[in-house]
Amino acid sequence: MDVIEPSFLEKQWFITGVVLAFISMGLGPHIYAFTHADGSSGDFIMNCLAIAAVAIFGQLVWKLGRGLFFGLRHRPIRFHRQTRKLYAIRSRRFFAKPGEGDVVWEVPWTEESIFCLHREITSWGTVFHIRHYTVDDQGNVTRVFSIGREWTGKAQVEMALAQWNYWCAYMNDGPSGLPKPMLFHTQQETPRESFLFSMYSFGMRAPVLVRLLMMPMILVFTVMRIAANATCRDPVWPGAIERISAIASNDPYAEPGPGTPVGWGDTILAQQRGEYPNDPKARAAGWTGQSDGSQHAAAWLERPTGCTTR
């Protein structure tokens, strides 16, 4: 089972920020050049400000833009039941040998593996997502990556935990009995999908008036996302992982199959027609925790940390 990592849903925001920072990086020096075109002696303070603009905004461009342009269109994380491992594609390999594929981190699915409900305070609210931490023999974190999507606000912690429980059920018990995921993303993103990514980032159920007011920004985000995708390529799994991930043609659980919508547009329309579950659920056998999902999520928030071993 392949899942996304958080930045996939929101990368249009980062891409737009990168472009604005790039423009700002050159704006200060150019303004200075135009205002001092009369040949007067250079002002040391203005020179310093121009250099500072390049340094500060250049750092933002490098930090936010690395991997968004000329990288990978998406970075899947593969849950592999047979090997009891997670395989996470992390970055593009530009000079790969045949069968080598892109850069992949391998994570064992064991009782010692550390997964956390990560909580982060941002300028637009508190966000939650699931993270995996690799630690060395001294207990120091050496590698970390996030899995799935981000959830905003305490009201959505229940969804973050449900997402985690879904992966646990798959790895421990297999796909039998699991509902279909709420959304299958297309691996070949079209301009229509890029537009919907940008529009739904302002809220899945935002009023029409809000969407109309935000439409100029939505269109900017759409263009930025399309441009970034055009410079990137699809991820390539190493040959060894591809060979152990082959799906039988008669696998009854292979998804998305016939009748399963793929992408934002087709999925939303199918849900509106009542042809696809909008909020699928499955009961966990032997569950001993809070029966109410909201209370269970609230109990997690009261813990001193969000970490747990699987």
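The values are calculated or read from the model by the stated rules, or taken from the named source; none is laboratory data. Computed from a predicted structure; not experimentally measured. Every residue, glycine among them, receives a Cβ derived from its backbone with ideal geometry; neighbour counts consider all protein chains shown. Note: accessible area is taken over every heavy atom of the protein model, side chains too, but ligands, DNA and RNA are not part of it. Shrake-Rupley method; radii C 1.70, N 1.55, O 1.52, S 1.80 Å.
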Once R0 is set to 45 Å, what does the formula 1/(1 + (r/R0)^6) return for the Cβ-Cβ distance between T126 and R273, expressed as a FRET efficiency to the nearest 0.05? 0.85
With viscosity set to 1.002 mPa s at 20 °C, what whole-number translational diffusion coefficient in µm²/s follows for segment 201-290 from Stokes-Einstein and a Kirkwood radius over Cα pairs? 119 µm²/s
Per residue of segment 138-149, what does 6.51 cos²θ - 1.76 cosθ + 1.60 with θ = phi - 60° give for ³J(HN,Hα)? Whole Hz please, x for Gly and Pro, Karplus curve as stated. 8, x, 8, 6, 10, 8, 8, 8, 9, 10, x, 9
Between segment 77-117 and segment 236-310, what is the separation of their alpha carbon centroids in Å? 19 Å
Counting only residues 5 or more places away or on other chains, whose amide H sits under 5 Å from the amide H of E5 once H atoms are built in the peptide plane? R75, G148
If R₀ is 30 angstrom, what is the calculated FRET efficiency for the pair I51 and M217, using the beta carbon separation as r and rounding to 0.05? 0.45
Once neighbouring chains are kept in place and the probe is 1.4 Å, which whole percent of the accessible area of segment 104-242 is contributed by carbon and sulfur? 60 percent
Calculated FRET value between E242 and E10, using beta carbons and R₀ = 25 Å, to 0.05: 0.30
Extension gain from S113 to F202, taking 0.36 nm per residue of separation minus the Cα-Cα distance: 28.6 nm
Arranged from highest to lowest average of other beta-carbon atoms within 10 Å per residue, in what order do the peptides 226-237, 242-253 appear? 226-237, 242-253
Using 0.36 nm times the number of residues separating K154 and T231, minus their current alpha carbon distance, what extension gain do you get? 24.1 nm
Where only protein heavy atoms count, and the probe is 1.4 Å, what is the accessible area per residue for segment 136-181 in Å²? 52 Å²
Students sometimes get this wrong: rank R90, R303 by accessible area, probe 1.4 Å, all chains present, largest first. R303, R90
When the chain is treated as a Gaussian network with springs between alpha carbons less than 10 Å apart, the largest mean-square fluctuation among I268, I56, I114 is found at I56
Two pseudo-spin positions, 7 Å from Cα along C-beta at T83 and at E302, lie apart in nanometres by 4.1 nm
Whole-angstrom Cα spans of the chain along principal axes, big to small: 80, 53, 46
